[in-house]
Every structure is written in C-alpha cells, then in structure tokens.
Amino acid sequence: MTELKAVFFDIDDTLFSTSEFSKAARLNSVYAMIRAGLKCNVNECIQELKEVIEEFGSNYEHHYDRLLLRLSKESYFNLRRS
C-alpha cells in the first residue's frame, strides 16, 4: 500500500460556512460604501448585488463595478475614495 501524501476537500461550505462569510462581507461592504457617501438604500443595494452575483457567478471579480453600473450616477458621483 502506498503512503497517503495529501487529502483534498471541496471547501465551499464543507468545513466552514463560506456562503455565510461571503454574505456578511458583502453586507459590510455595502455599509462601508454608504458611509463613504453612496446614496442607496441598503436593502436595494444588497438586492442589486445579489442579482449581479447570480448573473456573473460568485467568483467573478468585478461584482462592485457591475453594481455601480446598475445604480444611477447621482448615487455615487461624489463618493469619497480612500
């Protein structure tokens, strides 16, 4: 019998609830954008972000770019940048 060299796991929600971590991170990011000046209702913003994620997939790296494209320019025109 050969020696076991590695064990691989599919970690998406297997060992930890990564979906819940992602959900919390997205909510915190929306709150941070609103604190920075984004003029958008939290629930509406989260809903738009969920739609972006459903459309482009959870591993897409431009969720927030797509989110801003869905919002009116007036909602983020004077957004502070850090």
Q) Within region 21-30, can one find any residue that is under 13 Å from the mean Cα position of the chain (by Cα), surrounded by 13 or more Cβ atoms within 10 Å (Cβ to Cβ) and among the small types (Gly, Ala, Ser)? A) yes
Q) If you take the residues in region 37-82 that are in a helix (DSSP H, G or I) and of a type in the set (Lys, Arg), which one is surrounded by the most Cβ atoms within 10 Å (Cβ to Cβ)? A) ARG66
Q: Considering each residue of region 56-82, count those that are among the acidic types (Asp, Glu) and touching a helix residue (DSSP H, G or I) at 6+ places or on another chain (Cβ under 8 Å), and give that number.
A: 0
Q) What is the residue count in region 1-37 for residues that are of a type in the set (A, V, I, L, M, F, W, C) and modelled with pLDDT under 85? A) 7
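Residues checked against (1) in contact with a Cys (Cβ under 6 Å, 6 or more places away or on another chain); (2) part of a loop (DSSP other than H, G, I, E, B); (3) over 30 Å from ASN78 (Cβ atoms); (4) touching a residue at least 12 places away in the same chain (Cβ under 8 Å):
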site	(1), (2), (3), (4)
MET1	no, yes, yes, no
THR14	no, yes, yes, no
LYS23	no, no, no, no
SER29	no, no, no, yes
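The values are calculated or read from the model by the stated rules, or taken from the named source; none is laboratory data. All values reported here derive from a predicted model rather than from experimental measurement. Methodologically, a virtual Cβ is constructed for each residue, glycine included, from the backbone with ideal geometry; neighbour enumeration extends over all protein chains shown.
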